[in-house]
Amino acid sequence: MATVANNIERARNQERKRVLMRGTIFAPSGAAVVWIRDISTEGAWVAAQDRLPGNCDVIFKRGPLFVAAHITRSDETGAGVKFYRALTDEQVASAALPLPNRDD
């Protein structure tokens, strides 16, 4: 007899905005250009060419937005970034806008 496993993931309270745009992570190991896959008021999911360090404090940058954050998990597919302060909806929207004079 087959059974269905309970959903063990924590429910997300904030709306995540699916995007595909470039940003920068400043980590203790140096700066890395990242592809931002989704972003919310609480954090983001990013991917980089090389695996980002896990469990460390970083600065997340996208356009004029600089946010202190912590990498909560990192693997070959990407890294979860949790912001130390919640962003406003306007800040998330501005981060999702194309940067002027650039193709991202």
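Please treat every number below as a calculation from the coordinates, not as lab data. From a predicted model like this one, the values you see are computed outputs, not experimental measurements. Neighbour counts run over all protein chains shown; Cβ positions are idealised from the backbone, glycine included.
Structure notes:
- Top-ranked residue in the range 41-85 [being among the β-branched types (Val, Ile, Thr) and not in a strand (DSSP E or B); ranked as farthest from Pro98 (Cα to Cα)]: Thr77
- The selection criterion, being surrounded by 14 or more Cβ atoms within 10 Å (Cβ to Cβ), in contact (Cβ under 8 Å) with a residue 24 or more places away in the chain, farther than 19 Å from Arg16 by Cα and touching a Gly at 6+ places or on another chain (Cβ under 9 Å), does not hold for Leu65.
- Inter-residue pairs, beta-carbon under 8 Å, first touching a residue at least 24 places away in the same chain (Cβ under 8 Å) and in the range 77-92, second among the charged types (D, E, K, R) and part of a strand (DSSP E or B), 6+ apart: Gly78/Arg37; Ala79/Arg73; Gly80/Arg73; Val92/Lys17
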